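Here is the structure we will look at.
Any read-out appearing in this document is the output of simple, stated calculations on the displayed coordinates, not a laboratory observation. Just so it is clear, the model here is predicted, and its values are computed rather than measured. Heads up, the Cβs are rebuilt from the backbone with ideal geometry, glycines too, and the neighbour counts pull from every protein chain shown.
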Amino acid sequence: MFVPGDSERKLSKGEGNPADALILDLEDSVSDDRQDIARKMVREYLQSHTSRSKQQLWVRVNPLDTDLSLPDLVAVMPGGPNGIVLPKVYSAADVNTMGNYLDALEAREGLECGSTKILCVATETAASLLTFHTYLDGITERLVGMTWGGEDLAAALGAVDNRNPETGEYDDPYLLAKSFCLSTSRAIDVQPVGVVYVDFRDLVGLEKECLRDRMAGFVGKIAIHPAQSVIINKAFTPSEDEIAHAQRIIDV
């Protein structure tokens, strides 16, 4: 679940949320004039929450093509985040670059080499839709998951909206992005994660989209509001019948 990195109130509320991980956000939810404040708050939060057996702590940094991402990393790595969410990725080269940065910063901070994982947001630019093949040419072992983005992609494509006004479902360009994310994730053996559901008040719509995502092959979904986490967990947790069916297959 995303949590604004500059909000002490929301950071404290995130602790009791059932999400598998909190993503402390330094990107979209933090204004430029509060970047330094957010970095300090995120670092201190990480350093004061070292027991993470029940809930991991990740950080979404700013994109690599800005002058904010490296200061983000330098500020938060002393707290030893479980992983970095890398937005607006153009190709596998960006993910590998992030891997190189983490190599250096882990060594500097005395962290275990390779302990900081990466989740990339792979479809937030128009160009990124044309570079999924690059992930097949070699990718850092730090990459453990891939998600896609429909909101920034809509802006990049000049779209008025990214959903069909009659059905509420994604239009064709975004279904293409979703398909590329899913198929590429499976091809390189990382976890495909569903995109955020922006209308956090529409819990019925969220549940329907979670079920569609799970049927398609996604393993989870990112929340932006505490109320979404319960629904997401329920949708992606195997039922007793599914567990029994899987066990019968194993036993054959």
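Of Val219, Val198, which residue is closer than 25 Å to Glu15 by Cβ, touching a residue at least 24 places away in the same chain (Cβ under 8 Å), in contact with a strand residue (DSSP E or B) (Cβ under 9 Å, 6 or more places away or on another chain) and surrounded by fewer than 18 Cβ atoms within 10 Å (Cβ to Cβ)?
Val219
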| task | For residues that are within 18 Å of Ser51 (Cβ to Cβ) and free of Cβ contacts under 8 Å to residues at least 24 places away in the same chain, tally how many sit in the range 4-14. | result | 1
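Yes or no, residue by residue, for (1) in a helix (DSSP H, G or I); (2) within 17 Å of the chain's Cα centre (by Cα):
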{"site": "His133", "(1), (2)": "yes, no"}
{"site": "Ile139", "(1), (2)": "no, no"}
{"site": "Met146", "(1), (2)": "no, yes"}
{"site": "Glu166", "(1), (2)": "no, no"}
{"site": "Arg186", "(1), (2)": "yes, yes"}
{"site": "Arg201", "(1), (2)": "no, no"}
{"site": "Val204", "(1), (2)": "yes, no"}
{"site": "Leu211", "(1), (2)": "yes, no"}
| query | Can you name every residue in the range 225-252 that is buried (at least 18 other Cβ atoms within 10 Å of the Cβ), within 11 Å of Met1 (Cβ to Cβ) and of a type in the set (A, V, I, L, M, F, W, C)? | reply | Ile232
| query | Quick one: would you say Ser29 is closer than 23 Å to Cys120 by Cα, surrounded by fewer than 19 Cβ atoms within 10 Å (Cβ to Cβ) and not acidic (Asp, Glu)? | reply | yes
| remark: Residue hits (the range 91-105; touching a helix residue (DSSP H, G or I) at 6+ places or on another chain (Cβ under 7 Å), within 17 Å of Ala75 (Cα to Cα) and not hydroxyl-bearing (Ser, Thr, Tyr)) are Leu105
| said: Going residue by residue through the range 110-125, is there one that turns out to be of a type in the set (Gly, Ala, Ser) and closer than 22 Å to Asp28 by Cα? | reply: yes
| query | Are any residues in the range 147-162 more than 18 Å from Tyr197 (Cβ to Cβ) and in contact (Cβ under 8 Å) with a residue 24 or more places away in the chain, and if so, which ones? | reply | Ala156, Leu157
| message | Looking at the range 152-193 only, could you name the residues that are charged (D, E, K, R) and under 23 Å from Asn233 (Cα atoms)? | response | Glu169, Lys178, Arg186, Asp189
| message | If I filter the range 93-108 for residues that are farther than 16 Å from Gly194 by Cα and assigned to a loop (DSSP other than H, G, I, E, B), do I get at least one hit? | response | no
